[in-house]
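J.: Sending over a structure as structure tokens; questions will come in a sec.
Readers should treat all values here as calculations from the given coordinates under stated rules, not as data from a laboratory. The structure presented is a predicted model; accordingly, all values stated were derived computationally and were not measured. Cβ coordinates were reconstructed from backbone atoms using ideal geometry, including for glycine residues, and neighbour counts include every protein chain displayed.
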Amino acid sequence: GMPKLNDGALLRNQAYLNGAWVGAASTFDVTNPADGATIASVPNMGADEARAAIDAANAAFPAWAAKTAKERAAVLRKWFELMMLHAGDLGALMTAEQGKPLPEAKGEVMYGASFVEWFAEEAKRVSGDVMASTWSDKRMVVLKQPIGVCAAITPWNFPIAMITRKVAPAVAAGCTIVIKPAEQTPLSALALAELAHRAGVPPGVINIITADSQRSIDVGKVLCDSPVVRHLSFTGSTPVGRILMQQSAPTVKKLALELGGHAPFIVFEDADIDAAVEGALVSKYRNAGQTCVCTNRFYVHESIYDAFVEKLAAGAAKIKVGNGFEQGVGQGPLIDDQAIAKVEEHVADALAKGANVLAGGKLHALGGHFYEPTVLANVTGDMKIMREETFGPVAAVTRFKTEEEAIAAANDTEFGLASYFYSRDIGRVWRVAEKLEYGMVGINTGIISNEVAPFGGVKQSGLGREGSKYGIEEYLEMKYLCIGGV
Ligand code: ADP
């Protein structure tokens with residue numbers, strides 16, 4: 001069920017459109033993945049509401065863009081402070097609808113809020129350029145202006161951070177935005193809207209359309225088809241990213257895509273094994289393995305393989321599985337039946353092809369959406385788990401002999417989001433870091449994300465970068481002024 005909130009008004013069961021809370025003809029249920037209980041029902045909106053939200057965002061754009069950066073920064077700063085003030089309630093809502101352990105949910109609230117704080121600051125640092133003119137009687141200047149109305153489609157694995165990482169830079173730049181949150185986790189999004197409202201975000205600047213999985217497709221089409229929407233930012237699966245890219249072609253929309261990953265984690269023979277195991281545990285089992293930067297494949301040098309897998313299995317076996325509201329729980333439920341089915345399929349495929357289980361390997365005794373933290377050894381490249389994103393708490397470990405072999409195996413994928421390796425040899429650290437075809441490389445660490453760093457992937461993991469000083473550029477257009485007659 002749903003825990004009692006300190007501020008009950010943060011649990012919203014209407015969508016947020018043009019500064020008002022609105023319902024729809026029908027609703028859909030939001031359930032707790034830990035016990036299947038319905039915790040709320042929210043409007044099941046569709047194409048009409050999506051069009052209304054775009055209109056509202058379009059109407060609000062000129063006035064918001066005309067505000068000074070300092071004025072927009074002040075509103076964002078207020079929003080950030082409200083998120084911090086209500087971190088407990090936001091975390092509880094998240095654990096209830098998403099399942100992650102409460103401390104981890106609160107951690108995401110902090111992480112999500114950090115983007116609002118960061119882009120409140122960055123709003124004031126958007127600067128143009130003055131070029132050295134090639135004409136003595138002309139001056140050449142570049143202006144940076146907000147791109148216009150934006151759209152965001154977000155996933156359930158980070159119900160708050162994936163919204164703020166898009167909305168904060170958009171709003172800081174002077175854009176307005178329509179958000180379609182994941183159908184599994186709309187309550188976190190609506191609570192954010194309530195706080196944005198209290199912070200003084202004007203009507204139409206931030207709009208949230210809730211829709212179930214079917215209607216999300218209709219909403220997505222309207223957002224892509226609209227010539228008013230100049231930018232679409234999506235975080236989710238690669239297949240859906242491809243669909244949105246295709247749908248955005250007719251309007252030549254600017255796109256930011258954060259898609260799937262298949263992170264390799266290489267442990268070289270000169271690594272600190274205990275540190276590598278510690279990094280492996282956080283990079284693998286955080287959010288029950290349901291993040292796009294979670295390790296999917298471990299490559300361990302043959303000379304330290306046995307020691308590594310033994311310690312990894314011991315660490316995995318210690319993780320307490322349960323309802324995210326319970327004390328000491330390190331791993332909550334997976335999001336739904338489909339997620340469990342995918343994990344079971346990958347484990348069964350690996351076992352059939354010769355892998356063996358060192359920890360876990362099956363549905364947890366709690367049943368439902370709970371799966372045991374799992375370590376599979378003797379994994380080989382022909383297994384599904386080595387090619388497809390598992391999005392679950394399963395570590396697949398294989399051996400390698402040479403550095404070249406490990407790099408080639410790590411790069412042998414269409415994905416290119418996060419990668420990790422452990423080594424204490426400075427030459428090797430540079431060499432391997434330069435050769436990994438990934439947007440992000442964690443070296444001697446399993447945790448890399450924060451608001452200051454550019455998050456994003458290469459190859460079929462996506463387009464663009466979020467967060468950092470680069471993240472706001474997505475939402476800005478350059479305008480070149482050539483001023484003659486000087
Ligand atoms: P996941 O498998 O993690 O749920 P998806 O890529 O299916 O990832 O979903 C991420 C987001 O994309 C969700 O908000 C979902 O509703 C939305 N979505 C899924 N399919 C479409 C589509 N065809 N058009 C627009 N949005 C979609």
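J.: Which one, Ala316, Phe265, Gln338, projects farthest toward the positive side of the charge dipole computed for segment 236-361 from Cβ point charges (K/R +1, D/E -1)?
T.: Gln338
J.: Exposure proxy check: His197, His346 ranked by fewest other beta carbons within 10 Å?
T.: Ordered from fewest to most neighbouring Cβ atoms within 10 Å, His197, His346 come out as His197, His346.
J.: Farthest toward the dipole's positive end in the chain, which of Ser216, Met83, Thr95, given Cβ charges of +1 (Lys, Arg) and -1 (Asp, Glu) about the Cα centre?
T.: Met83
J.: With +1 on the Cβ of every Lys and Arg and -1 on the Cβ of every Asp and Glu, and nothing else charged, how large is the dipole of the chain about its Cα centre, in debye rounded to the nearest 20?
T.: Result for the chain is approximately 1360 debye, rounded to the nearest 20.
J.: May I pose another question? Debye sum, Cα scatterers, segment 327-486, no solvent: what log₁₀ I/I(0) at q = 0.08, 0.17, 0.20 1/Å?
T.: Once normalised to I(0) and log-transformed, intensities are -0.35, -1.19, -1.34.
J.: Enter the Cα centre distance for the pair segment 75-109 and segment 141-208, rounded to the nearest angstrom.
T.: 16 Å
J.: Please state the Cα pair-distance histogram of segment 157-278 with 10 angstrom bins from zero: what percent is in each bin?
T.: It works out to 11, 38, 28, 12, 9, 2, in whole percents.
J.: Another question, then. Amide H neighbours of Tyr371 under 5 Å, at least 5 residues apart or on other chains, H built in the peptide plane: list them.
T.: Close amide H contacts, sequence-distant or interchain: Leu334, His364.
J.: Now a separate question. Find the all-direction average of the projected area of the Cα convex hull for segment 193-343, expressing the result in square nanometres with one decimal place. Please list the in-between numbers first.
T.: Working: hull surface 53.4 nm².
Directional mean of the projected Cα hull area for segment 193-343 stands at 13.3 nm².
J.: Let me ask something additional. Can you give me the long-range amide H partners of Asn444? Hydrogens built in the peptide plane at 1.01 Å from N, cutoff under 5 Å, separation of 5 or more residues or another chain.
T.: Residues meeting the amide H criterion: Phe421, Tyr422, Ser423.
J.: Would you compute, for the Cα atoms of the chain, the largest minus smallest coordinate along each principal axis and list the three values in descending order, in whole Å?
T.: 72, 61, 39
J.: Separate question: So what is the calculated 222 nm ellipticity per residue for the chain, using -39500 (n - 2.57) for each DSSP H run with n of 4 or more, over all residues, to the nearest 500 deg cm²/dmol?
T.: On the way: 13 runs with 183 residues, N = 486.
One gets -12000 deg cm²/dmol as the mean residue ellipticity at 222 nm.
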